1. Residues of the stretch 64-74 being hydrophobic (A, V, I, L, M, F, W, C) and either touching a helix residue (DSSP H, G or I) at 6+ places or on another chain (Cβ under 9 Å) or part of a loop (DSSP other than H, G, I, E, B) (or both), which ones?
2. Go through the stretch 43-71 residue by residue and tally those that are under 15 Å from the mean Cα position of the chain (by Cα) and more than 27 Å from Val161 (Cα to Cα).
3. Filter the stretch 66-89 down to residues that are among the β-branched types (Val, Ile, Thr) and within 19 Å of Lys9 (Cα to Cα), then give me how many there are.
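None of the figures in this text is laboratory data; all of them are computed from the coordinates on show. Nothing here was measured: the structure is a model prediction, and the numbers come from that model. Every residue, glycine among them, receives a Cβ derived from its backbone with ideal geometry; neighbour counts consider all protein chains shown.
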Amino acid sequence: MEFNETKLKGAFLVSTNRIQDSRGYFARGWCQDEFAKHGLKPNMVQLNTGFSHKKGTLRGLHFQVAPHDEAKFITCTRGALFDVIVDLRPESPTLGQWVAATLTPENGLKLYAPPGFAHGYQTLEDDTEMYYLTSAFYASAAATGVRFDDPAFAIAWPLPVSEISTADASWPDFAR
């Protein structure tokens with residue numbers, strides 16, 4: 001696995017090293033030791049999956065508040081995602097800043113967000129599927145979000161939104 005830190009401290013774009021032959025390839029999708037070598041020690045406890053039928057579907061921006069805040073490790077298994085993480089850590093010099101990556105099964109890229117980040121994504125193809133590992137169990141009382149189109153973030157989503165849940169469209173703007 002290859003770790004490239006983003007402009008947001010503690011957030012990484014991770015690429016897999018594929019061993020290929022005539023059958024296809026094999027790659028490590030998660031390795032606690034590899035994360036520890038980069039000073040990351042998330043104890044991943046839950047695997048969540050998502051599937052969206054339509055290109056342009058937007059989900060997020062979601063996070064959980066302490067003591068249930070969580071690291072996330074995001075992978076696209078079918079289709080393509082424009083995956084976004086936003087730094088919401090109050091003490092961070094990059095508070096309110098975001099990074100995005102296009103994740104596809106073909107490029108094998110994964111995005112790691114430490115606790116204190118909001119996460120969302122937009123599908124770039126029909127029938128897109130993703131999964132993400134989390135370092136905390138889902139706690140409905142701690143689950144919340146911020147608006148995907150909050151002017152404070154000015155996220156440049158690549159497509160018009162074709163589908164979004166009422167909840168995701170109704171999150172409040174981020175209050176610093």
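1. Our first condition is that a residue be hydrophobic (A, V, I, L, M, F, W, C); within the stretch 64-74, this holds for 65-66, 71, 73-74.
Hits for the stretch 64-74 are Val65, Ala66, Ala71, Phe73.
2. 3
3. Initially, the stretch 66-89 is screened for residues among the β-branched types (Val, Ile, Thr), giving 74-75, 77, 84-86.
Filter once more, keeping what is within 19 Å of Lys9 (Cα to Cα): 74, 84-86.
So the count comes out to 4.
Yes/no matrix, rows are residues, columns are (1) in contact with a strand residue (DSSP E or B) (Cβ under 7 Å, 6 or more places away or on another chain); (2) crowded, with 18+ Cβ neighbours inside 10 Å; (3) over 15 Å from Trp157 (Cβ atoms):
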residue	(1), (2), (3)
Ala71	yes, yes, yes
Thr77	yes, no, yes
Leu81	yes, yes, no
Leu95	yes, no, yes
Trp98	yes, yes, no
Glu106	no, no, yes
